Amino acid sequence: MRLNPGRLFAWAVLIAFLLLTIFPFYWMVRTAITPAGDIFTDSTSLVPHHPTMINFWRILGLVDAQTAREAGGSGAKINFLRYTLNSGIYSLVIAGVQTFCCAMAGYAFARLRFPGRDFVFAVLIAALMVPPIFTLLPNFTLVKNLGLIDTFAGMVAPSLLMTPFAVFFLRQFFLSVPREVEEAAVIDGAGRWGIFWRVVMPMSRGPLITIALTTSVWAWKDFLWPLLVGRGEQTRVLTVALGVFLQQSPNTQPDWTGLMAASVLSVLPVLALLVFLGKRLVQSLNFTGIK
Amino acid sequence: MTTSPPLAAPAPPRVTPVVTGKRRRDDRQVAWLFLLPVLIGFAVFYLYPTVRGAWYSLTDYSLLNTPRFVGSDNYADLIKDPKFWDSMKVTAYYVVINIGSQTLIALGLAALMHRLTRSVVLRATLLLPWLVPNVTVGLLWMWLLDANLGFVNHLLNGLGLGTQGFLASPTGALPSIALINTWAYTGYTALLLYAGMLQIPQHLYESAALDGAGELRMFRKITLPLLRPVLALVLVVSLIGSFQIFDTVAVTTAGDPAGATRVIYFYIYQQAFTYFHMGYASAAAMFLVLVLGLLTFVQMRLLRASRSDLA
């Protein structure tokens with residue numbers, strides 16, 4: 001298309017939005033590689049005068065307390081390697097198990113015949129209307145009474161097996177799978193499980209990856225539930241650890257260089273996700289959001 | 001929701017012996033096995049807590065005692081609680097700023113993308129803030145808006161506008177948080193709207209261009225009317241999400257200064273886990289269920305009243 005002044009202006013606006021999106025992340029990295037001692041004298045230039053990786057080493061718990069204190073830390077034990085790992089496990093376990101269970105249920109709702117199917121499905125979907133905080137309070141009591149506070153089991157429990165949305169999403173997809181494919185397998189003597197596991201699941205790789213991705217991103221961002229149930233060192237995830245780290249700041253001023261280094265850790269995995277699966281993620285928004 | 005037409009139709013005749021004597025296939029045994037994990041998860045962590053939450057709202061439960069039935073006391077207290085109404089007002093103010101700015105900017109952004117480019121890289125970049133934990137977003141902007149060393153204040157000083165308190169200021173804190181979340185969610189919202197715009201037939205724009213219509217006119221006369229159902233749906237979803245703001249507030253201001261950012265989710269959280277008023281918190285949560293249900297209902301009615309010609 002031709003470039004007229006209007007079009008040029010439109011491009012300029014779009015690029016301005018892009019910069020506005022990216023610049024804060026740039027500033028996060030820029031702060032993370034600034035020595036804590038320089039933060040008062042060197043907080044305006046686009047590139048720090050003395051770039052360093054020390055902030056990363058100290059929040060990952062890779063240097064001794066003395067060195068960490070000298071580099072601007074509070075001296076309190078901090079181990080973001082562990083918290084990042086915890087976040088990763090939390091996300092992957094929930095995404096994997098939940099997707100599998102919801103696929104089974106979605107298939108049953110889409111293809112199997114049994115009394116009460118539409119009613120059960122309607123009840124499940126109605127749960128989408130209940131805001132999470134309402135069920136969160138009693139769920140906390142339940143997990144507490146079971147003695148599962150600060151355990152991995154207690155943390156993953158509420159979202160491990162299902163979310164109404166995942167069941168709904170996968171059911172809608174399974175409805176669109178042509179019946180002929182399954183009928184051929186029936187004639188070959190396959191049972192219901194065989195059809196599901198060997199025929200339908202391999203065909204559905206796209207939507208399964210989409211829902212697993214969405215779920216893992218959701219779990220990666222999750223804050224309130226892990227804050228209530230997994231504050232302990234052993235189960236602490238990245239988001240909770242960031243909050244704790246902010247409160248631990250030694251001086252009147254938060255430990256910004258350390259905090260930004262820790263923030264970078266929470267961005268890196270989703271950045272990797274965008275680089276490798278960005279296309280799928282972007283295109284999946286077409287139907288997870290609207291269809 | 002949808003009851004699918006293909007499933008209502010009678011099953012085709014079968015040759016397998018399993019279905020002898022029955023016209024309709026019945027998979028009840030195997031079906032319950034397929035459903036078992038999801039039904040367990042649903043019963044234990046959705047259904048049971050919903051009933052239990054409703055029950056708590058009628059008791060004096062404090063996490064430590066055995067709940068005792070107190071009738072409608074919690075609700076009566078709630079109605080008289082100025083802090084509760086204050087938190088509703090704060091939330092409404094937040095939602096208006098957040099959803100207003102986010103929807104308008106996202107609409108503009110989506111329209112620009114729709115008319116300029118199909119670049120996947122560009123869309124993926126715009127999605128980045130949405131993928132990052134809200135806690136990280138909150139921290140990052142807390143740093144950028146810092147009164148002494150924050151980049152934004154450096155910029156304002158450079159322009160001769162003077163330092164702003166932002167998150168520390170009683171009047172500035174709530175709009176700051178609302179705009180921080182606008183930054184985080186605009187790209188995502190824009191992508192949803194953009195996906196809706198892609199469904200509009202291209203030839204409409206081509207013939208409008210032949211008739212000499214400009215871009216702004218096309219936006220008003222083609223894009224906006226045909227996008228309305230998608231726009232309404234996106235609005236409902238983001239409105240409900242916006243009402244449930246918590247993470248950003250918890251990290252940046254914790255309800256301060258002086259309750260200026262104490263949104264309803266944070267108020268319920270405080271009542272339940274700082275003061276252990278579990279029964280009271282449940283009553284407040286119940287109220288939120290009603291408000292959100294009402295909003296959804298109203299929005300859906302509006303949506304139905306304005307079906308697009310494409311639907």
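The values are calculated or read from the model by the stated rules, or taken from the named source; none is laboratory data. Quick caveat: nothing in here was measured; it's all calculated off a predicted structure. Here Cβ is always computed from backbone atoms with ideal geometry, including for glycine, and neighbour counts include all displayed protein chains. Protein only, heavy atoms only, side chains kept; ligands, DNA and RNA dropped before computing areas. Shrake-Rupley method; radii C 1.70, N 1.55, O 1.52, S 1.80 Å.
Carbon-plus-sulfur fraction of the accessible area of region A:1-81, 1.4 Å probe, in percent?
72 percent
What is the set of long-range amide H partners of B:THR59 at a cut-off below 5 Å, with H atoms built 1.01 Å from backbone N?
B:VAL70
Send over a whole-number figure in Å² for the accessible area per residue of chain A, probe 1.4 Å.
Values: 12590 Å² over 291 residues.
Value returned for chain A: 43 Å² of accessible area per residue.
For peptide A:36-48, compute the average count of partner chain beta-carbon atoms within 10 Å of each residue's beta-carbon.
Across A:36-48, the average partner-chain Cβ count within 10 Å equals 1.
Buried by at least 20 Å² relative to the chain on its own: which residues of region B:238-260 qualify, computing accessible area with a 1.4 Å probe on protein heavy atoms?
Those are B:GLN244, B:PHE246, B:ASP247, B:VAL251, which lose 20 Å² or more relative to the chain on its own.
Kindly tabulate the residues in region A:209-229 with an accessible-area decrease of at least 50 Å² between the chain alone and the assembly of all protein chains, using a probe of 1.4 Å.
For region A:209-229, once contacts with the other chains are taken into account, A:LYS221, A:PHE223, A:LEU224 lose 50 Å² or more.
With every protein chain present, what is the per residue accessible area of region B:74-305 (1.4 Å probe, Å²)?
Computed with neighbouring chains in place, this is 40 Å² per residue.
Summarise the accessible area of chain B (1.4 Å probe, protein heavy atoms) by the percent that is carbon and sulfur.
66 percent
Under the definition of partner shielding as Cβ atoms of other protein chains within 10 Å of a residue Cβ, what is the mean value for peptide A:101-114?
Values: counts 8, 3, 2, 6, 9, 3, 3, 9, 6, 3, 5, 10, 8, 10.
Taking the mean over all residues of the peptide, I get 6.
Over all residues in B:288-298, what is the mean tally of Cβ atoms on other chains that come within 10 Å of each residue's Cβ?
Mean shielding by partner chains, rounded to a whole number: 2.
Name the residue from A:TRP218, A:THR44, A:LEU208 whose Cα lies farthest towards the positive end of the charge dipole of the protein assembly as shown, charges +1 on Cβ of Lys and Arg and -1 on Cβ of Asp and Glu.
A:LEU208
Output the peptides B:149-160, A:206-217, A:236-247 sorted from most to least packed, where packing is the average of other Cβ atoms within 10 Å over each peptide's residues. The partial results should precede the final answer.
On the way: B:149-160: 14.5, A:206-217: 20.2, A:236-247: 22.7.
Descending packing order for the listed peptides: A:236-247, A:206-217, B:149-160.
Determine the residues within region A:128-142 where the difference in accessible area between the chain on its own and the full set of protein chains amounts to at least 30 Å²; count protein heavy atoms only and use a 1.4 Å probe.
Output list: A:MET129, A:PRO131, A:ILE133, A:PHE134, A:THR135, A:LEU137, A:PRO138, A:ASN139, A:PHE140, A:THR141, A:LEU142.
If you rank A:LYS144, A:LYS77, B:LYS83 by how much accessible surface each has, with a 1.4 Å probe, what is the order from largest down?
Working: A:LYS144 80, A:LYS77 150, B:LYS83 105 Å².
Order by accessible area, largest first: A:LYS77, B:LYS83, A:LYS144.
Report the net charge of residues surrounding B:ALA168, where surrounding means a beta-carbon distance below 13 angstrom and charges are Lys +1, Arg +1, Asp -1, Glu -1. Show your work: numbers first, answer last.
Details: positive: none; negative: B:ASP146, B:ASP256.
Combined, the nearby Lys, Arg, Asp and Glu give -2.
Only helical DSSP H runs with n ≥ 4 go in: add -39500 (n - 2.57) per run for chain A, normalise by residue count and round the 222 nm mean residue ellipticity to 500 deg cm²/dmol.
After summing the helix terms and dividing by the residues of chain A, the value is -21500 deg cm²/dmol.
At 222 nm, what value in deg cm²/dmol follows for chain B if DSSP H runs of at least 4 each add -39500 (n - 2.57) and the sum is divided by all its residues, to the nearest 500?
-21000 deg cm²/dmol
Note down the magnitude of the dipole of the protein assembly as shown about its Cα centre, charges +1 on Lys and Arg C-beta and -1 on Asp and Glu C-beta and zero elsewhere, to the nearest 20 debye.
Working: 44 positive and 27 negative charges, 394 e Å.
So the magnitude is around 1900 debye.
Would you look at the GNM of chain B, springs on alpha carbons closer than 10 Å, and say which of B:SER169, B:SER119, B:SER282 moves the most?
B:SER119
Below 15 angstrom from the Cβ of A:LEU238, what's the summed charge of the other residues (Lys, Arg +1; Asp, Glu -1)?
+1
Summing +1 for each Lys or Arg and -1 for each Asp or Glu, what net charge is found among the other residues whose Cβ lies under 14 Å from the Cβ of B:TYR267?
Working: positive: B:LYS83, B:LYS89, B:ARG262; negative: B:ASP77, B:ASP81, B:ASP86, B:ASP256.
Cβ neighbours under 14 Å give a net charge of -1.
Chain pair A, B: how much accessible area is buried, both chains summed, with a 1.4 Å probe, in Å² to 100?
Its buried surface, counting both partners, is about 9400 Å².
From the phi of every residue in region B:235-249, what ³J(HN,Hα) in whole Hz does the Karplus formula 6.51 cos²θ - 1.76 cosθ + 1.60 yield, where θ is phi - 60° and glycine or proline is x?
Ordered by residue, 3J(HN,Hα) equals 5, 4, 4, 6, 5, 5, x, 5, 4, 9, 4, 9, 3, 4, 5 Hz.
Does chain A classify as rounded, prolate or oblate by the C-alpha gyration tensor (a ≥ b ≥ c root eigenvalues; a/c under 1.5 gives rounded; else a/b over b/c gives prolate, otherwise oblate)?
Cα axes put chain A in the oblate bin.
How would you classify region A:103-230 from its alpha-carbon gyration tensor, with a ≥ b ≥ c the square roots of the eigenvalues: rounded for a/c under 1.5, else prolate if a/b is greater than b/c, otherwise oblate?
Here region A:103-230 falls in the prolate category.
Cβ neighbours within 10 Å, averaged per peptide: list A:57-69, B:95-107, A:39-51, B:269-281 in order, most packed at the top.
Numbers: A:57-69: 16.9, B:95-107: 19.2, A:39-51: 12.1, B:269-281: 20.9.
The densest-packed peptide leads the list: B:269-281, B:95-107, A:57-69, A:39-51.
Could you name the aspartates and glutamates in cross-link range of B:LYS83, using Cα to Cα under 18 Å and dropping any fewer than eight places away on the same chain?
B:ASP73, B:ASP256
Could you pull out every one of the aspartates and glutamates with an alpha carbon less than 17 Å from that of A:LYS77, ignoring same-chain neighbours closer than 8 positions?
In chain and number order, the partners are A:ASP64, A:GLU233, A:ASP255.
Tell me whether region A:3-111 comes out rounded, prolate or oblate; compute the Cα gyration tensor, take square roots of the eigenvalues as a ≥ b ≥ c, and use a/c under 1.5 as the rounded threshold.
It comes out oblate by the Cα gyration axes.
I'd like to compare B:190-200, B:67-77: which one has the highest average count of other Cβ atoms within 10 Å, and what's the full order after that?
Values: B:190-200: 21.7, B:67-77: 14.5.
Highest mean packing first, the order is B:190-200, B:67-77.
With a 1.4 Å probe and every protein chain kept in, tell me what percent of the accessible surface of region A:133-239 is carbon plus sulfur.
Percent of accessible area from carbon and sulfur atoms in region A:133-239: 65.
Please enumerate, by chain and number, the aspartates and glutamates with C-alpha under 12 Å from the C-alpha of A:LYS221, excluding those fewer than 8 residues away in the same chain.
Partners within reach: B:ASP247.
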